[in-house]
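Heads up: the structure comes next, in structure tokens.
The values are calculated or read from the model by the stated rules, or taken from the named source; none is laboratory data. Remember, predicted model here, so these are calculated numbers, not experimental data. For neighbour counting, all protein chains shown are included, and Cβ atoms are generated from backbone atoms with ideal geometry for every residue, glycine included.
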Amino acid sequence: MSHQQTTRVKKEEENKAAPVEKPVVPPPGWEPNILAIACHYCAFAAADLAGVMRLSYPPNVKVIRLPCTGKLDHFYVLRALERGIDGVFVAG
């Protein structure tokens, strides 16, 4: 094989897309546990207004109010995931 052919084969190998994993199908009736971390003055005020308007969200969503989500340490997000929370929503 010539040098040009070898170079062309290497470039073709580099351009191949990584294999995509097949999506996991959740069992019937499964609901994710979501933790929403909301800023007291912004996002929590909006969630409170939704409650006043009698809008609801599923019981598997838990809301935690913080003075400011800008000071949220990533440790707490990772800890929630380690303890079984399926998703964390941070809103400021």
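Report whether or not Y57 is surrounded by fewer than 12 Cβ atoms within 10 Å (Cβ to Cβ) and either on the phi < 0 side of the Ramachandran plot or modelled with pLDDT under 90 (or both). Steps first, answer last, please.
On the way: surrounded by fewer than 12 Cβ atoms within 10 Å (Cβ to Cβ): no; either on the phi < 0 side of the Ramachandran plot or modelled with pLDDT under 90 (or both): yes.
Judged against the criteria, Y57 is not a match.
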Next on the checklist: When the residues of the range 13-72 are narrowed to those that are of a type in the set (D, E) and in a loop (DSSP other than H, G, I, E, B), which ends up farthest from V90 (Cα to Cα)?
Outcome noted: E21
Checklist outcome for this item: Inside the range 21-45, the number of residues satisfying the requirement of being of a type in the set (G, A, S) and without any contact (Cβ under 8 Å) to a residue 40 or more places away in the chain is 2
